[in-house]
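*Asks:* Next up is a structure, given as C-alpha coordinates.
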(Lines give C-alpha, C1' and ligand atoms only; values in the text may rest on other atoms or scores of the structure.)
Protein backbone atom coordinates (compact mmCIF):
# COMPACT_ATOMS: atom_id res chain seq x y z
CA UNK A 1 0.00 0.00 0.00
CA UNK A 2 2.75 2.40 0.98
CA UNK A 3 4.50 1.63 -2.28
CA UNK A 4 1.41 2.67 -4.24
CA UNK A 5 1.05 5.87 -2.25
CA UNK A 6 4.72 6.69 -2.83
CA UNK A 7 4.23 6.08 -6.53
CA UNK A 8 1.21 8.40 -6.54
CA UNK A 9 3.31 11.11 -4.87
CA UNK A 10 6.01 10.72 -7.53
CA UNK A 11 3.49 10.87 -10.38
CA UNK A 12 1.82 13.93 -8.85
CA UNK A 13 5.22 15.67 -8.67
CA UNK A 14 5.97 14.76 -12.31
CA UNK A 15 2.58 16.01 -13.50
CA UNK A 16 2.94 19.21 -11.53
CA UNK A 17 6.33 19.81 -13.14
CA UNK A 18 4.86 19.27 -16.61
CA UNK A 19 1.95 21.65 -16.01
CA UNK A 20 4.00 24.14 -13.99
CA UNK A 21 1.12 24.52 -11.55
CA UNK A 22 -1.30 22.68 -9.29
CA UNK A 23 -3.22 19.73 -10.83
CA UNK A 24 -7.00 19.73 -10.58
CA UNK A 25 -8.76 16.37 -10.82
CA UNK A 26 -12.56 16.27 -10.72
CA UNK A 27 -14.57 13.28 -9.57
CA UNK A 28 -18.09 13.01 -10.97
CA UNK A 29 -19.60 10.49 -8.61
CA UNK A 30 -21.07 11.07 -5.16
CA UNK A 31 -19.72 7.78 -3.86
CA UNK A 32 -16.19 8.76 -4.90
CA UNK A 33 -16.68 12.07 -3.06
CA UNK A 34 -17.59 10.26 0.15
CA UNK A 35 -14.86 7.63 -0.26
CA UNK A 36 -12.20 10.33 -0.81
CA UNK A 37 -13.24 12.18 2.35
CA UNK A 38 -13.75 9.09 4.46
CA UNK A 39 -10.31 7.72 3.62
CA UNK A 40 -8.75 11.13 4.29
CA UNK A 41 -7.45 11.40 0.73
CA UNK A 42 -8.43 15.05 0.40
CA UNK A 43 -5.69 16.03 2.79
CA UNK A 44 -3.38 13.05 2.32
CA UNK A 45 -2.09 14.19 -1.04
CA UNK A 46 0.52 16.91 -1.49
CA UNK A 47 -0.50 20.53 -2.09
CA UNK A 48 0.22 20.13 -5.79
CA UNK A 49 -2.99 18.12 -6.23
CA UNK A 50 -6.50 19.44 -5.80
CA UNK A 51 -9.51 17.13 -5.87
CA UNK A 52 -12.72 18.79 -7.04
CA UNK A 53 -16.18 17.31 -6.42
CA UNK A 54 -18.12 17.65 -9.65
CA UNK A 55 -21.73 17.07 -10.67
CA UNK A 56 -21.82 13.43 -9.61
CA UNK A 57 -24.49 13.37 -6.94
CA UNK A 58 -27.93 12.91 -8.53
CA UNK A 59 -29.68 14.88 -5.81
CA UNK A 60 -27.26 17.80 -6.06
CA UNK A 61 -27.50 18.23 -9.82
CA UNK A 62 -31.30 18.05 -9.96
CA UNK A 63 -32.49 21.53 -10.91
CA UNK A 64 -34.62 23.69 -8.66
CA UNK A 65 -37.43 23.85 -11.24
CA UNK A 66 -37.86 20.06 -11.09
CA UNK A 67 -37.77 20.06 -7.27
CA UNK A 68 -40.47 22.76 -7.17
CA UNK A 69 -42.59 20.80 -9.66
CA UNK A 70 -42.31 17.71 -7.43
CA UNK A 71 -43.39 19.76 -4.41
CA UNK A 72 -46.42 21.01 -6.35
CA UNK A 73 -47.43 17.40 -7.06
CA UNK A 74 -46.96 16.56 -3.38
CA UNK A 75 -49.65 19.14 -2.53
CA UNK A 76 -52.25 17.30 -4.60
CA UNK A 77 -54.64 15.07 -2.66
CA UNK A 78 -54.99 12.60 -5.54
CA UNK A 79 -51.24 11.91 -5.75
CA UNK A 80 -48.74 9.88 -3.78
CA UNK A 81 -45.01 10.52 -4.25
CA UNK A 82 -42.59 7.58 -4.51
CA UNK A 83 -39.03 8.85 -4.17
CA UNK A 84 -35.52 7.67 -3.45
CA UNK A 85 -34.73 8.73 0.11
CA UNK A 86 -31.99 11.13 -0.91
CA UNK A 87 -34.54 13.54 -2.42
CA UNK A 88 -36.77 13.92 0.60
CA UNK A 89 -35.00 16.79 2.33
CA UNK A 90 -34.03 18.85 -0.71
CA UNK A 91 -35.52 22.30 -0.14
CA UNK A 92 -37.65 23.97 -2.78
CA UNK A 93 -39.32 27.37 -2.83
CA UNK A 94 -42.00 26.09 -0.45
CA UNK A 95 -40.57 23.54 1.96
CA UNK A 96 -39.35 20.06 1.07
CA UNK A 97 -40.99 16.66 0.63
CA UNK A 98 -40.15 16.03 4.28
CA UNK A 99 -42.17 19.03 5.41
CA UNK A 100 -45.11 17.84 3.30
CA UNK A 101 -45.08 14.27 4.60
CA UNK A 102 -47.76 14.76 7.28
CA UNK A 103 -50.50 13.65 4.87
CA UNK A 104 -48.83 10.26 4.52
CA UNK A 105 -48.56 10.58 0.76
CA UNK A 106 -44.75 10.74 0.52
CA UNK A 107 -43.19 7.27 0.35
CA UNK A 108 -39.49 6.45 0.28
CA UNK A 109 -38.51 3.66 -2.12
CA UNK A 110 -35.19 1.94 -2.59
CA UNK A 111 -36.02 0.59 -6.03
CA UNK A 112 -38.21 1.63 -8.96
CA UNK A 113 -39.98 -1.70 -8.44
CA UNK A 114 -41.25 -0.43 -5.07
CA UNK A 115 -43.03 2.41 -6.87
CA UNK A 116 -44.88 -0.11 -9.04
CA UNK A 117 -45.81 -2.09 -5.92
CA UNK A 118 -47.12 1.10 -4.26
CA UNK A 119 -49.26 1.80 -7.34
CA UNK A 120 -50.81 -1.69 -7.10
CA UNK A 121 -51.45 -1.26 -3.37
CA UNK A 122 -52.99 2.21 -3.77
CA UNK A 123 -55.32 2.02 -6.78
CA UNK A 124 -57.19 5.17 -5.73
CA UNK A 125 -54.01 7.30 -5.90
CA UNK A 126 -51.80 8.41 -8.73
CA UNK A 127 -48.38 7.18 -7.59
CA UNK A 128 -45.77 9.53 -9.03
CA UNK A 129 -42.26 8.05 -9.20
CA UNK A 130 -39.54 10.68 -8.90
CA UNK A 131 -37.19 9.20 -11.47
CA UNK A 132 -33.80 10.83 -10.92
CA UNK A 133 -30.23 9.64 -11.16
CA UNK A 134 -27.78 8.75 -13.90
CA UNK A 135 -27.46 5.77 -16.24
CA UNK A 136 -27.49 3.45 -13.21
CA UNK A 137 -31.08 4.17 -12.14
CA UNK A 138 -32.43 4.98 -15.63
CA UNK A 139 -32.64 1.35 -16.85
CA UNK A 140 -34.56 0.40 -13.68
CA UNK A 141 -37.09 3.15 -14.43
CA UNK A 142 -37.36 1.87 -18.00
CA UNK A 143 -37.98 -1.71 -16.84
CA UNK A 144 -40.72 -0.56 -14.50
CA UNK A 145 -42.30 1.63 -17.21
CA UNK A 146 -42.50 -1.46 -19.44
CA UNK A 147 -43.96 -3.55 -16.60
CA UNK A 148 -46.60 -0.90 -15.84
CA UNK A 149 -47.74 -0.93 -19.47
CA UNK A 150 -47.69 -4.74 -19.72
CA UNK A 151 -49.57 -5.19 -16.45
CA UNK A 152 -51.93 -2.32 -17.27
CA UNK A 153 -51.12 -0.45 -14.10
CA UNK A 154 -52.51 2.94 -15.05
CA UNK A 155 -51.99 4.79 -11.76
CA UNK A 156 -48.18 4.70 -11.82
CA UNK A 157 -46.88 7.94 -13.28
CA UNK A 158 -43.19 8.46 -13.96
CA UNK A 159 -41.67 11.94 -13.68
CA UNK A 160 -38.38 11.39 -15.44
CA UNK A 161 -35.39 13.62 -14.92
CA UNK A 162 -32.62 11.07 -15.47
CA UNK A 163 -29.30 12.60 -16.48
CA UNK A 164 -26.37 11.56 -18.64
CA UNK A 165 -22.92 12.29 -17.28
CA UNK A 166 -20.94 12.61 -20.53
CA UNK A 167 -22.79 15.75 -21.78
CA UNK A 168 -22.19 17.34 -18.34
CA UNK A 169 -18.45 16.60 -18.53
CA UNK A 170 -18.49 18.13 -21.98
CA UNK A 171 -20.32 21.22 -20.67
CA UNK A 172 -17.87 21.63 -17.79
CA UNK A 173 -14.85 21.56 -20.09
CA UNK A 174 -16.54 24.02 -22.45
CA UNK A 175 -16.87 26.63 -19.69
CA UNK A 176 -14.18 29.28 -20.17
CA UNK A 177 -13.23 29.50 -16.51
CA UNK A 178 -13.03 25.78 -15.77
CA UNK A 179 -9.97 24.47 -13.97
CA UNK A 180 -10.23 20.75 -14.68
CA UNK A 181 -7.16 18.82 -15.82
CA UNK A 182 -8.67 15.33 -15.70
CA UNK A 183 -11.69 13.32 -14.63
CA UNK A 184 -11.89 10.49 -12.13
CA UNK A 185 -14.81 8.72 -13.80
CA UNK A 186 -17.67 7.07 -11.89
CA UNK A 187 -17.59 3.34 -11.20
CA UNK A 188 -21.19 2.22 -11.42
CA UNK A 189 -22.29 4.58 -14.18
CA UNK A 190 -19.38 3.12 -16.15
CA UNK A 191 -20.66 -0.42 -15.50
CA UNK A 192 -23.64 0.59 -17.65
CA UNK A 193 -22.16 2.97 -20.24
CA UNK A 194 -18.72 1.30 -20.54
CA UNK A 195 -15.34 3.00 -20.37
CA UNK A 196 -15.31 3.66 -24.13
CA UNK A 197 -18.06 6.22 -23.53
CA UNK A 198 -15.39 8.67 -22.31
CA UNK A 199 -13.35 8.48 -25.51
CA UNK A 200 -15.07 11.49 -27.17
CA UNK A 201 -14.19 13.63 -24.11
CA UNK A 202 -10.52 12.60 -24.29
CA UNK A 203 -10.40 13.13 -28.04
CA UNK A 204 -12.07 16.55 -27.93
CA UNK A 205 -10.45 18.06 -24.85
CA UNK A 206 -7.25 16.00 -24.43
CA UNK A 207 -8.02 15.36 -20.75
CA UNK A 208 -7.37 12.00 -19.05
CA UNK A 209 -10.50 10.05 -18.04
CA UNK A 210 -9.83 7.23 -15.59
CA UNK A 211 -12.52 4.95 -14.18
CA UNK A 212 -12.09 3.69 -10.62
CA UNK A 213 -14.04 1.64 -8.11
CA UNK A 214 -14.63 2.86 -4.59
CA UNK A 215 -11.85 1.32 -2.55
CA UNK A 216 -9.37 4.03 -1.49
CA UNK A 217 -6.50 2.08 -3.07
CA UNK A 218 -8.25 2.15 -6.43
CA UNK A 219 -8.78 5.87 -6.16
CA UNK A 220 -5.08 6.35 -5.31
CA UNK A 221 -4.11 4.18 -8.29
CA UNK A 222 -6.44 6.17 -10.55
CA UNK A 223 -4.83 9.42 -9.42
CA UNK A 224 -1.40 7.93 -10.16
CA UNK A 225 -2.56 6.94 -13.62
CA UNK A 226 -4.08 10.37 -14.32
CA UNK A 227 -0.89 12.12 -13.20
CA UNK A 228 1.25 9.77 -15.29
CA UNK A 229 -0.84 10.66 -18.33
CA UNK A 230 -0.54 14.38 -17.60
CA UNK A 231 3.23 14.10 -17.06
CA UNK A 232 3.73 12.20 -20.30
CA UNK A 233 1.06 14.19 -22.18
CA UNK A 234 -0.74 11.02 -23.23
CA UNK A 235 -4.39 11.63 -22.28
CA UNK A 236 -6.50 8.52 -22.68
CA UNK A 237 -9.32 6.48 -21.21
CA UNK A 238 -8.24 3.92 -18.62
CA UNK A 239 -10.21 1.75 -16.24
CA UNK A 240 -8.98 0.33 -12.96
CA UNK A 241 -12.38 -1.13 -12.10
CA UNK A 242 -11.82 -4.26 -14.19
CA UNK A 243 -14.03 -6.42 -12.02
CA UNK A 244 -17.20 -4.61 -13.03
CA UNK A 245 -16.48 -2.22 -15.92
CA UNK A 246 -15.96 -3.31 -19.51
CA UNK A 247 -15.14 -1.13 -22.51
CA UNK A 248 -18.61 -1.60 -23.97
CA UNK A 249 -20.64 -1.57 -20.73
CA UNK A 250 -23.94 -3.35 -20.13
CA UNK A 251 -25.47 -3.57 -23.62
CA UNK A 252 -28.80 -4.91 -22.34
CA UNK A 253 -29.21 -1.93 -20.01
CA UNK A 254 -28.16 0.49 -22.76
CA UNK A 255 -30.77 -0.98 -25.12
CA UNK A 256 -33.49 -0.78 -22.47
CA UNK A 257 -32.64 2.90 -21.88
CA UNK A 258 -32.58 3.63 -25.60
CA UNK A 259 -35.97 2.02 -26.19
CA UNK A 260 -37.69 3.82 -23.33
CA UNK A 261 -36.29 7.34 -23.40
CA UNK A 262 -35.73 10.26 -25.74
CA UNK A 263 -32.56 12.23 -25.09
CA UNK A 264 -33.41 15.90 -24.64
CA UNK A 265 -31.97 19.18 -23.45
CA UNK A 266 -32.31 19.44 -19.69
CA UNK A 267 -31.44 21.76 -16.85
CA UNK A 268 -28.68 20.98 -14.33
CA UNK A 269 -28.05 22.87 -11.15
CA UNK A 270 -25.04 25.10 -11.68
CA UNK A 271 -24.63 24.20 -15.31
CA UNK A 272 -28.00 25.34 -16.70
CA UNK A 273 -29.43 23.77 -19.84
CA UNK A 274 -27.25 21.07 -21.39
CA UNK A 275 -28.09 19.61 -24.79
CA UNK A 276 -28.66 15.85 -25.04
CA UNK A 277 -28.25 15.40 -21.29
CA UNK A 278 -31.69 14.42 -19.97
CA UNK A 279 -33.88 11.37 -20.46
CA UNK A 280 -37.62 11.83 -20.97
CA UNK A 281 -40.07 8.98 -21.59
CA UNK A 282 -40.86 8.22 -25.21
CA UNK A 283 -44.27 8.92 -26.70
CA UNK A 284 -45.34 5.27 -26.29
CA UNK A 285 -45.29 5.79 -22.50
CA UNK A 286 -47.51 8.90 -22.59
CA UNK A 287 -50.21 7.33 -20.43
CA UNK A 288 -47.75 6.85 -17.56
CA UNK A 289 -45.72 10.02 -18.16
CA UNK A 290 -46.35 12.31 -15.18
CA UNK A 291 -45.48 15.44 -17.14
CA UNK A 292 -48.21 14.68 -19.70
CA UNK A 293 -50.84 13.24 -17.37
CA UNK A 294 -50.53 15.89 -14.66
CA UNK A 295 -49.90 18.75 -17.13
CA UNK A 296 -46.70 19.73 -15.35
CA UNK A 297 -45.32 22.92 -16.79
CA UNK A 298 -41.61 23.62 -16.56
CA UNK A 299 -41.03 25.67 -13.42
CA UNK A 300 -38.63 28.60 -13.63
CA UNK A 301 -35.15 27.90 -12.38
CA UNK A 302 -34.64 30.06 -9.30
CA UNK A 303 -31.47 29.87 -7.29
CA UNK A 304 -31.58 29.70 -3.53
CA UNK A 305 -30.31 33.10 -2.25
CA UNK A 306 -26.73 32.90 -1.04
CA UNK A 307 -26.35 29.21 -1.94
CA UNK A 308 -23.23 28.40 -3.96
CA UNK A 309 -24.05 24.75 -4.79
CA UNK A 310 -23.94 25.60 -8.50
CA UNK A 311 -20.37 26.94 -8.41
CA UNK A 312 -19.29 24.10 -6.10
CA UNK A 313 -20.67 21.49 -8.54
CA UNK A 314 -18.65 23.08 -11.33
CA UNK A 315 -15.46 22.90 -9.27
CA UNK A 316 -15.22 26.70 -9.16
CA UNK A 317 -15.55 26.98 -5.38
CA UNK A 318 -14.91 24.82 -2.33
CA UNK A 319 -17.79 24.44 0.17
CA UNK A 320 -16.10 26.52 2.93
CA UNK A 321 -15.95 29.46 0.47
CA UNK A 322 -19.77 29.65 0.56
CA UNK A 323 -21.09 32.17 3.09
CA UNK A 324 -23.80 29.79 4.26
CA UNK A 325 -21.51 26.79 4.83
CA UNK A 326 -21.56 25.54 8.43
CA UNK A 327 -23.22 28.76 9.60
CA UNK A 328 -26.86 28.61 8.49
CA UNK A 329 -26.38 25.59 6.17
CA UNK A 330 -25.52 22.38 8.03
CA UNK A 331 -26.57 18.73 7.61
CA UNK A 332 -29.30 19.32 10.23
CA UNK A 333 -30.54 22.52 8.58
CA UNK A 334 -29.54 22.17 4.93
CA UNK A 335 -30.18 25.06 2.58
CA UNK A 336 -28.58 23.72 -0.59
CA UNK A 337 -28.75 20.19 -2.01
CA UNK A 338 -25.00 19.57 -1.67
CA UNK A 339 -25.54 19.71 2.12
CA UNK A 340 -28.70 17.58 2.00
CA UNK A 341 -27.33 14.52 0.30
CA UNK A 342 -24.82 12.45 2.22
CA UNK A 343 -23.01 12.16 -1.13
CA UNK A 344 -22.92 15.92 -1.59
CA UNK A 345 -19.64 17.80 -1.46
CA UNK A 346 -20.80 20.15 1.32
CA UNK A 347 -22.10 17.34 3.55
CA UNK A 348 -18.88 15.33 3.10
CA UNK A 349 -16.76 18.42 3.70
CA UNK A 350 -18.78 19.29 6.81
CA UNK A 351 -18.61 15.80 8.27
CA UNK A 352 -14.99 14.93 7.62
CA UNK A 353 -12.92 18.11 7.52
CA UNK A 354 -14.54 19.74 10.55
CA UNK A 355 -14.01 16.62 12.58
CA UNK A 356 -10.39 16.47 11.56
CA UNK A 357 -9.86 19.97 12.90
CA UNK A 358 -11.46 19.04 16.21
CA UNK A 359 -9.08 16.13 16.58
CA UNK B 1 -27.87 6.67 -4.65
CA UNK B 2 -24.67 5.49 -6.33
CA UNK B 3 -24.12 2.78 -3.77
CA UNK B 4 -24.10 -0.80 -4.97
CA UNK B 5 -23.50 -4.04 -3.10
CA UNK B 6 -22.29 -7.44 -4.27
CA UNK B 7 -24.51 -10.39 -3.38
CA UNK B 8 -24.81 -14.07 -4.33
CA UNK B 9 -27.99 -15.28 -6.03
CA UNK B 10 -29.63 -17.93 -3.85
CA UNK B 11 -33.05 -18.02 -5.51
CA UNK B 12 -33.90 -17.21 -9.12
CA UNK B 13 -37.28 -17.22 -10.80
CA UNK B 14 -37.57 -15.50 -14.17
CA UNK B 15 -35.99 -12.09 -13.67
CA UNK B 16 -36.68 -12.02 -9.95
CA UNK B 17 -33.97 -13.12 -7.56
CA UNK B 18 -33.15 -13.30 -3.90
CA UNK B 19 -29.50 -12.59 -3.24
CA UNK B 20 -27.39 -12.96 -0.12
CA UNK B 21 -25.14 -10.10 0.95
CA UNK B 22 -23.25 -10.88 4.15
CA UNK B 23 -26.25 -12.73 5.55
CA UNK B 24 -28.84 -10.22 4.39
CA UNK B 25 -31.46 -11.39 1.91
CA UNK B 26 -32.01 -8.86 -0.84
CA UNK B 27 -34.80 -8.97 -3.41
CA UNK B 28 -33.50 -7.93 -6.79
CA UNK B 29 -34.41 -7.89 -10.46
CA UNK B 30 -32.05 -9.43 -12.99
CA UNK B 31 -33.66 -7.92 -16.11
CA UNK B 32 -30.46 -6.03 -16.96
CA UNK B 33 -28.28 -9.18 -16.86
CA UNK B 34 -30.44 -11.82 -18.57
CA UNK B 35 -27.81 -14.60 -18.63
CA UNK B 36 -27.34 -14.71 -14.87
CA UNK B 37 -27.37 -18.09 -13.07
CA UNK B 38 -28.08 -19.35 -9.57
CA UNK B 39 -24.90 -18.95 -7.49
CA UNK B 40 -23.57 -16.00 -9.51
CA UNK B 41 -22.36 -12.98 -7.61
CA UNK B 42 -24.04 -9.83 -8.81
CA UNK B 43 -23.68 -6.12 -8.14
CA UNK B 44 -27.01 -4.69 -6.98
CA UNK B 45 -27.83 -1.02 -7.48
CA UNK B 46 -31.21 0.47 -6.45
CA UNK B 47 -32.89 -2.93 -6.52
CA UNK B 48 -31.47 -4.04 -9.88
CA UNK B 49 -28.49 -6.27 -10.62
CA UNK B 50 -26.26 -4.31 -13.02
CA UNK B 51 -23.40 -6.76 -13.63
CA UNK B 52 -21.93 -10.15 -12.65
CA UNK B 53 -18.80 -9.99 -10.49
CA UNK B 54 -16.06 -12.50 -9.91
CA UNK B 55 -15.71 -14.12 -6.50
CA UNK B 56 -12.44 -12.41 -5.59
CA UNK B 57 -13.77 -8.93 -6.27
CA UNK B 58 -16.92 -9.59 -4.24
CA UNK B 59 -14.84 -10.83 -1.28
CA UNK B 60 -12.78 -7.63 -1.38
CA UNK B 61 -15.93 -5.49 -1.30
CA UNK B 62 -17.53 -7.53 1.49
CA UNK B 63 -14.34 -7.05 3.51
CA UNK B 64 -14.44 -3.33 2.78
CA UNK B 65 -18.09 -3.14 3.88
CA UNK B 66 -17.21 -4.93 7.12
CA UNK B 67 -14.33 -2.50 7.68
CA UNK B 68 -16.58 0.49 6.98
CA UNK B 69 -19.17 -0.84 9.40
CA UNK B 70 -16.51 -1.00 12.12
CA UNK B 71 -15.14 2.37 11.08
CA UNK B 72 -18.60 4.00 11.15
CA UNK B 73 -19.29 2.55 14.58
CA UNK B 74 -16.07 4.07 15.90
CA UNK B 75 -16.71 7.21 13.87
CA UNK B 76 -20.13 7.73 15.47
CA UNK B 77 -18.76 6.99 18.92
CA UNK B 78 -16.09 9.63 18.41
CA UNK B 79 -18.53 12.29 17.33
CA UNK B 80 -21.09 11.46 19.98
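*Asks:* Evaluate the stretch A:57-67: report whether one residue or more is at positive phi and outside any helix (DSSP H, G or I). Even if it seems obvious, please write down each step before you answer.
*Replies:* Looking only at the stretch A:57-67, we keep the residues that are at positive phi, and these are none.
Among the residues of the stretch A:57-67, not one is at positive phi and outside any helix (DSSP H, G or I), which makes the answer no.
*Asks:* Please determine whether any residue of the stretch A:350-359 is away from every other protein chain (no Cβ under 14 Å) and in contact (Cβ under 8 Å) with a residue 60 or more places away in the chain.
*Replies:* no
*Asks:* If I ask for residues that are part of a loop (DSSP other than H, G, I, E, B) and either within 11 Å of chain A (Cβ to nearest Cβ) or touching a helix residue (DSSP H, G or I) at 6+ places or on another chain (Cβ under 9 Å) (or both), which ones from the stretch B:22-35 would you list?
*Replies:* Passing the criteria: B:22, B:30, B:31, B:32, B:33, B:34, B:35.
*Asks:* State which residue is surrounded by the fewest Cβ atoms within 10 Å (Cβ to Cβ) when the search covers only the stretch A:1-28 and only residues that are within 14 Å of another protein chain (Cβ to nearest Cβ) and at pLDDT 90 or above. Spell out the reasoning first.
*Replies:* Of the residues in the stretch A:1-28, the ones within 14 Å of another protein chain (Cβ to nearest Cβ) are A:1, A:27-28.
Narrowing further to those that are at pLDDT 90 or above: A:27-28.
Details: A:27: 25, A:28: 28.
Checked the stretch A:1-28; the qualifying residue surrounded by the fewest Cβ atoms within 10 Å (Cβ to Cβ) is A:27.
*Asks:* May I ask you to say which residue of A:266, A:310, A:270 is outside any helix (DSSP H, G or I) and over 28 Å from residue A:149 (Cα atoms)?
*Replies:* Numbers: A:266 fails: over 28 Å from residue A:149 (Cα atoms); A:310 fails: outside any helix (DSSP H, G or I).
Going through A:266, A:310, A:270 in turn, the sole match is A:270.
*Asks:* Further, regarding this structure: So which residues in the stretch A:280-309 are surrounded by 19 or more Cβ atoms within 10 Å (Cβ to Cβ), under 16 Å from residue A:55 (Cβ atoms) and touching a strand residue (DSSP E or B) at 6+ places or on another chain (Cβ under 9 Å)?
*Replies:* Residues satisfying the conditions are A:307, A:308.
*Asks:* Against the condition closer than 28 Å to residue A:273 by Cβ, assigned to a helix (DSSP H, G or I) and assigned by TED's automatic domain parsing to the domain that holds residue A:271, how does residue A:144 come out, does it pass?
*Replies:* Details: closer than 28 Å to residue A:273 by Cβ: yes; assigned to a helix (DSSP H, G or I): yes; assigned by TED's automatic domain parsing to the domain that holds residue A:271: yes.
For residue A:144, the condition - closer than 28 Å to residue A:273 by Cβ, assigned to a helix (DSSP H, G or I) and assigned by TED's automatic domain parsing to the domain that holds residue A:271 - is met.
*Asks:* Same structure again: Please find, among A:260, A:244, the residue that is buried (at least 23 other Cβ atoms within 10 Å of the Cβ), closer than 24 Å to residue A:152 by Cβ and not assigned by TED's automatic domain parsing to the domain that holds residue A:14.
*Replies:* The match here is A:260.
The values are calculated or read from the model by the stated rules, or taken from the named source; none is laboratory data. Just so you know, these numbers come straight off a predicted model, no measurement behind them. Glycine gets a Cβ as well: all are built from the backbone with ideal geometry, and neighbour counts include every protein chain shown.
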